[in-house]
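Read the structure below first, then the notes.
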Amino acid sequence: MSTIDPAALRADCGNCFGLCCVVPAFARSTDFAVDKAAGQACPNLGEDSRCGIHTRLRERGFKGCTVYDCFGAGQKVSQVTFLGQDWRKDPGAARRMFAVFPVMRDLHELLRYLAEALEWPAAGPVHAELRAAFAETEQLTLGGADTLPALDVDAVRGSVNPLLLRASELVRAEVPGRRRDHRGADLVGAKLRGAALRGANLRGALLIGADLRGADLRTADVIGADLRDADLRGADLTGALFLVQSQLDAARGDRATVLPATMHRPAHWA
Ligand code: SF4
């Protein structure tokens, strides 16, 4: 397997043709100030593929844009799959590019999780399988503009997820004491202030608007957990597994929230 390049799994908007601002449909809501059809460019997207309101997204009603992460899929589609071809100059290529982007985004998200799990010493027993899954998934991303749209991403996810879970279990097994299991739980608005969630399984949990002030989330597995408007003020997320920046960007927090070293404190936090 080639060496993992962490930068390749982070959005590089300067090398993307604004695909996340064109491909998805938006419905006017608290997240988006306008309705927009799939495949139609956002009115704020410039000809240079830059957002005209980038520094004012929240105040202009585009909060949804601040919590999106393509995991590097945008530049991969723009520069690798389509070799730097701008969708504006070729409507045929545009349709194909827009079909590839969501698939690439899902594959890159999986690569991001696999790369993280490979950093965990406690997951050593499955490192070989993780490396193989990373190589196979990476190979899929190179499938080309005609192959990628037909790819069964759910099947890929279905084969990778058990491995990610096994890696997570190996790490969380080292956490002393009882580890709570809230996998997929509906915890919308839950009162979890000060909760002992160290090493917990919060995979896919719905934590929208949950009160997690002062909660102990160290080494909790939060893959796919919905943290929109969750209150993380004073919470400790040290070593949280599969935490991504967009989850933090969607939540609330403050200077007392303890974050993993790889994450940055969102600008809108107090
Ligand atoms: S508001 Fe800016 S970031 Fe959001 S979709 Fe439009 S151009 Fe993209």
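Since every read-out is calculated from the coordinates, none of them should be taken as a lab result. Keep in mind it's a predicted model, so treat the numbers as computed, not measured. Virtual Cβ from ideal backbone geometry, glycine too; neighbours counted across all protein chains shown.
Backbone geometry of the range 247-261 corresponds, through the Karplus equation with coefficients 6.51, -1.76 and 1.60 at θ = phi - 60°, to 3J(HN,Hα) couplings of 5, 5, 4, 7, 9, 10, x, 8, 5, 7, 5, 9, 10, x, 4 Hz, x marking Gly and Pro.
Loop exposure criterion: trypsin sites (Lys or Arg not before Pro), DSSP state outside H, G, I, E and B, at most 16 other Cβ atoms within 10 Å. Applied to the chain, the longest stretch between such sites is 61-177. Between GLN139 and ALA37, the FRET efficiency from the beta-carbon distance, with R0 = 41 Å, is close to 0.80. Of the residues LEU57, LEU118, LEU110, the one that moves most in a GNM of the chain with alpha-carbon contacts below 10 Å is LEU57. Using alpha carbon centroids, what distance separates the range 92-107 and the range 127-201, in Å? If you average the Cα positions of each part, the centres end up 23 Å apart. For the chain, the mean residue ellipticity at 222 nm estimated from helices alone is -8500 deg cm²/dmol, where every DSSP H run of n ≥ 4 contributes -39500 (n - 2.57) and the total is divided by all residues, rounded to the nearest 500. Given springs between every Cα pair under 10 Å in a Gaussian network model of the chain, which of SER49, SER29, SER168 has the largest fluctuation? Fluctuation is largest for SER29.
Please list, by residue number, everything in the range 246-260 whose backbone N is under 20 Å from a paramagnetic label point 7 Å out along Cα→Cβ of ARG193. Once the point is set 7 Å along Cα→Cβ of ARG193, 251-258 turn out to lie under 20 Å by backbone N, inside the range 246-260. As a calculated quantity, the FRET efficiency between ALA27 and ASP86 at R0 = 30 Å, using C-beta atoms, amounts to about 0.65.
Taking square-rooted eigenvalues a ≥ b ≥ c of the alpha carbon gyration tensor, is the range 179-270 rounded, prolate or oblate, where a/c under 1.5 means rounded and, failing that, a/b exceeding b/c means prolate?
It is rounded, given that a/c, with a ≥ b ≥ c, falls under 1.5.
Between the range 215-251 and the range 1-57, the C-alpha centres lie 23 angstrom from each other.
Output the antiparallel fraction of DSSP beta bridges having both residues in the chain, as a percent to the nearest 5.
Antiparallel: roughly 15 percent of the beta bridges in the chain.
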